[in-house]
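S.K.: Sharing a structure with you now.
The values are calculated or read from the model by the stated rules, or taken from the named source; none is laboratory data. Bear in mind that the values here come from a model prediction, so they are computed numbers and not experimental data. For neighbour counting, all protein chains shown are included, and Cβ atoms are generated from backbone atoms with ideal geometry for every residue, glycine included. The protein model used for the area step is the full one, side chains on, heavy atoms only, and it has no ligands, DNA or RNA in it. Shrake-Rupley method; radii C 1.70, N 1.55, O 1.52, S 1.80 Å.
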Amino acid sequence: MMQIDSAILATDKVICKNISRFDDSERGLLSQNILSQLRNFVEYIADKVYANGSDLDPNNYALNVEALKYLQTRGDLRFLHQFHELLQKSVSHYTLDENGSERLMLKYYEYLLKIKIFLNDTYGLHVLDNIEDFPLDTDTELSEYHEKIAEKIYSPSPGFSTSTYSDRYYIQKIKPFF
C-alpha cells in the first residue's frame, strides 16, 4: 500500500473510531476530536490528488504546499480547496469549546460527505464508513420539521399544473439538511 493511502486511511480510522465510541450526549467532545483530525485528512487527500497515482511522503511540507496550490487549479475539486480554507481559519491552531465544535461539524458535514463520495468514485478508497452515525439531529422537533419539508418537496401538490408565469426568483440562502 502506498504511504499516502496509509496516511489517509489512518486518519480515517481515527475519525471513524471516534464516531463509533460516542453517542448523542457527547456530540461536543466527538466534534472536538474529529475537528482535530480534519486538516491532516484534507491535506493528505490533496497530496493524493497531486501525486496522480504515484506515491509520496504525506508529511513532506513542500509537497503539501504544492498539492494545495494544485487544488486551486482544479475546478472539479473546488470543494476540497474551500474546505481546507475553512479548516485553516477555524481549527488550525485553536481548540474550540464543545459548543463551537458542534456547530462547525454540522457545517462541515456536507464537505465530509463529498469527500467520501469523491475518494470512493475516483480512487476506490472507502473512507468515513460510519459518517451517517454522526449525531446530526439531536432536536426531535427540528427533525420533524425537516421531514415535513422533504415530504412537500418530493410529493407534488394536488391539481398541479404548469404556469406561464415568467418572473424570476432568486435563492437568498440555502440551508441543507440530511
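S.K.: Would you mind stating whether TYR61 is among the aromatic types (Phe, Trp, Tyr), surrounded by fewer than 15 Cβ atoms within 10 Å (Cβ to Cβ) and modelled with pLDDT under 95?
M.R.: yes
S.K.: Which of the residues spanning the stretch 12-52 are of a type in the set (Lys, Arg) and open to solvent by 60 Å² or more (accessible area, probe 1.4 Å)?
M.R.: Narrowing the stretch 12-52 to residues of a type in the set (Lys, Arg): 13, 17, 21, 27, 39, 48.
Selection gives LYS13, LYS17, ARG21, ARG39.
S.K.: Just for the stretch 85-105: of the residues that are in contact with a Leu (Cβ under 7 Å, 6 or more places away or on another chain) and assigned to a helix (DSSP H, G or I), which one is surrounded by the fewest Cβ atoms within 10 Å (Cβ to Cβ)?
M.R.: Per the stated criteria, the residue is GLU98.
S.K.: To continue, here is another question. So, GLU132, is that one within 20 Å of ARG27 (Cβ to Cβ), part of a helix (DSSP H, G or I) and not hydroxyl-bearing (Ser, Thr, Tyr) or not?
M.R.: Taking the combined requirement at face value, the residue satisfies it.
S.K.: Quick check on the stretch 150-168. Is at least one of its residues surrounded by 12 or more Cβ atoms within 10 Å (Cβ to Cβ), among the aromatic types (Phe, Trp, Tyr) and modelled with pLDDT of 75 or more?
M.R.: Within the stretch 150-168, the subset surrounded by 12 or more Cβ atoms within 10 Å (Cβ to Cβ) is none.
For the stretch 150-168, residues surrounded by 12 or more Cβ atoms within 10 Å (Cβ to Cβ), among the aromatic types (Phe, Trp, Tyr) and modelled with pLDDT of 75 or more: absent.
S.K.: Going by the conditions given, is TYR111 within 13 Å of the chain's Cα centre (by Cα), of a type in the set (Ser, Thr, Tyr) and at pLDDT 90 or above?
M.R.: On the way: within 13 Å of the chain's Cα centre (by Cα): yes; of a type in the set (Ser, Thr, Tyr): yes; at pLDDT 90 or above: yes.
Against the criterion (within 13 Å of the chain's Cα centre (by Cα), of a type in the set (Ser, Thr, Tyr) and at pLDDT 90 or above), TYR111 qualifies.
S.K.: Next question, about the same structure. Return yes or no: is ILE117 within 16 Å of LEU9 (Cα to Cα) and loosely packed, with under 13 Cβ neighbours inside 10 Å? Give the derivation first.
M.R.: On the way: within 16 Å of LEU9 (Cα to Cα): yes; loosely packed, with under 13 Cβ neighbours inside 10 Å: yes.
Against the criterion (within 16 Å of LEU9 (Cα to Cα) and loosely packed, with under 13 Cβ neighbours inside 10 Å), ILE117 qualifies.
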